[in-house]
1. Identify all residues within the stretch 218-256 that are of a type outside the set (Lys, Arg), open to solvent by 90 Å² or more (accessible area, probe 1.4 Å) and either in contact with a His (Cβ under 6 Å, 6 or more places away or on another chain) or closer than 21 Å to PRO205 by Cα (or both); write none if there are none.
2. Can you run down the residue pairs with Cβ atoms below 6 Å, 6 or more apart or on separate chains, where the first is in the stretch 46-60 and over 19 Å from ARG85 (Cβ atoms) and the partner is open to solvent by 10 Å² or more (accessible area, probe 1.4 Å) and in a strand (DSSP E or B)?
3. Tell me whether the stretch 180-187 contains one or more residues that are open to solvent by 20 Å² or more (accessible area, probe 1.4 Å) and part of a loop (DSSP other than H, G, I, E, B).
4. Quick one: which of VAL39, VAL31 is hydrophobic (A, V, I, L, M, F, W, C), free of Cβ contacts under 8 Å to residues at least 40 places away in the same chain, under 20 Å from GLY97 (Cα atoms) and buried (at least 18 other Cβ atoms within 10 Å of the Cβ)?
5. What are the residues in the stretch 91-106 that are open to solvent by 10 Å² or more (accessible area, probe 1.4 Å) and either farther than 16 Å from ASN132 by Cα or among the polar types (S, T, N, Q) (or both), if any?
6. Give ARG162, ARG217 a once-over and let me know the one that is part of a loop (DSSP other than H, G, I, E, B), out of contact with any Lys or Arg (no Cβ under 9 Å at 6 or more places or on another chain) and at pLDDT 95 or above.
7. Taking into account only those residues within the stretch 1-28 that are in a loop (DSSP other than H, G, I, E, B), among the aliphatic types (A, V, I, L, M) and open to solvent by less than 50 Å² (accessible area, probe 1.4 Å), which is farthest from VAL80 (Cα to Cα)?
8. Six or more apart or on different chains, Cβ under 6 Å: which pairs go from a residue in the stretch 188-215 that's at positive phi to one that's open to solvent by 60 Å² or more (accessible area, probe 1.4 Å) and at pLDDT 95 or above? Could you list them?
Amino acid sequence: MKIHQTAIVEDGARLGADVEIGPYAHVGKDVVIGDGTIVKQGAIIDGHTTIGSCCQIFPYACIGMKTQDLKYRDGSVSYVEIGDRTVIREFATVHLGTSDGEKTIIGSDCLFMCYCHAAHGVIMGNHVICSNSVQLAGDVHLQDYAIVGGCSAVHQFCTVGRHAMVGGLSRVVQDVPPYMLCGSSHGDVRIVGPNSVGLSRRGFPDATVSLLKKAARILYHDGLNRSQALARIETELEQTEEIKELVDFYRNSQRGVI
């Protein structure tokens with residue numbers, strides 16, 4: 001381990017092999033940090049926080065502080081969990097859960113850029129990217145490979161589906177369906193169509209992208225209500241894993257889908 005002489009690592013903190021703690025960083029007594037993780041200067045990691053291996057915590061990030069939720073009661077024990085190889089950039093904040101046992105979770109291989117905020121109970125899957133200044137309210141769920149563009153805000157309890165992309169400066173107040181691209185126009189967030197570029201980069205075959213384009217056309221351009229559109233998708237399109245997931249997402253949404 002390499003711990004700078006000006007860093008504070010409280011008694012009880014558990015640090016893995018080859019962990020580096022930079023100058024003026026602070027690691028609390030209930031923190032667990034995995035092998036090879038680097039905590040750069042001035043970062044603060046507190047609370048019941050577990051960070052995986054080979055992560056990078058950049059200067060002045062703040063992880064594991066008390067939630068801003070007014071329902072929090074002093075003495076509650078809640079958690080932050082961060083997976084392996086995740087990068088938390090400068091001045092980002094990740095808060096503890098609100099109620100006893102609640103977890104705020106960021107998965108593995110994620111990129112949480114400068115000034116991003118994850119409130120209490122946020123759950124981010126693996127390979128998620130949040131660009132600069134993304135603000136995630138309480139209990140937001142970003143599924144695997146989701147991307148949220150810079151300066152976007154996601155309302156509490158919303159879900160962004162797998163492989164979806166939210167354009168920058170978006171105000172997300174309903175769920176974003178998997179595999180889709182949404183963007184902001186005059187303050188409204190709308191589905192543009194499948195996230196074709198992202199899906200191609202991740203190795204999805206052209207046939208799958210084509211099917212998703214057909215599904216988006218039925219949902220958003222054929223003048224059908226939601227039930228009619230989903231029924232047509234189920235009867236007219238090949239029922240691949242992606243199409244089934246898209247239909248299930250619409251049917252199981254609690255906040256409604258954009």
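The values are calculated or read from the model by the stated rules, or taken from the named source; none is laboratory data. Because the structure is predicted, anything quoted here is derived from the model rather than measured. FYI the Cβ positions are ideal-geometry reconstructions off the backbone, even for glycines, and counts take in every protein chain you see. For the accessible areas, the whole protein counts, side chains as well, though only heavy atoms, and no ligand, DNA or RNA atoms are used. Shrake-Rupley method; radii C 1.70, N 1.55, O 1.52, S 1.80 Å.
1. GLU236, GLU238, GLU241 - these are the residues of the stretch 218-256 that are of a type outside the set (Lys, Arg), open to solvent by 90 Å² or more (accessible area, probe 1.4 Å) and either in contact with a His (Cβ under 6 Å, 6 or more places away or on another chain) or closer than 21 Å to PRO205 by Cα (or both).
2. Short answer, once both residue conditions are applied: ASP46/MET65; HIS48/TYR79.
3. Yes: one or more hits.
4. The unique qualifying residue is VAL31.
5. THR93, HIS95, LEU96, THR98, SER99, ASP100, GLY101, GLU102, LYS103, ILE105 - these are the residues of the stretch 91-106 that are open to solvent by 10 Å² or more (accessible area, probe 1.4 Å) and either farther than 16 Å from ASN132 by Cα or among the polar types (S, T, N, Q) (or both).
6. None of the others qualify; the one that does is ARG162.
7. Across the stretch 1-28, the extreme among qualifying residues is ALA7.
8. Once the first residue is at positive phi and sits in the stretch 188-215, no partner that is open to solvent by 60 Å² or more (accessible area, probe 1.4 Å) and at pLDDT 95 or above comes close enough.
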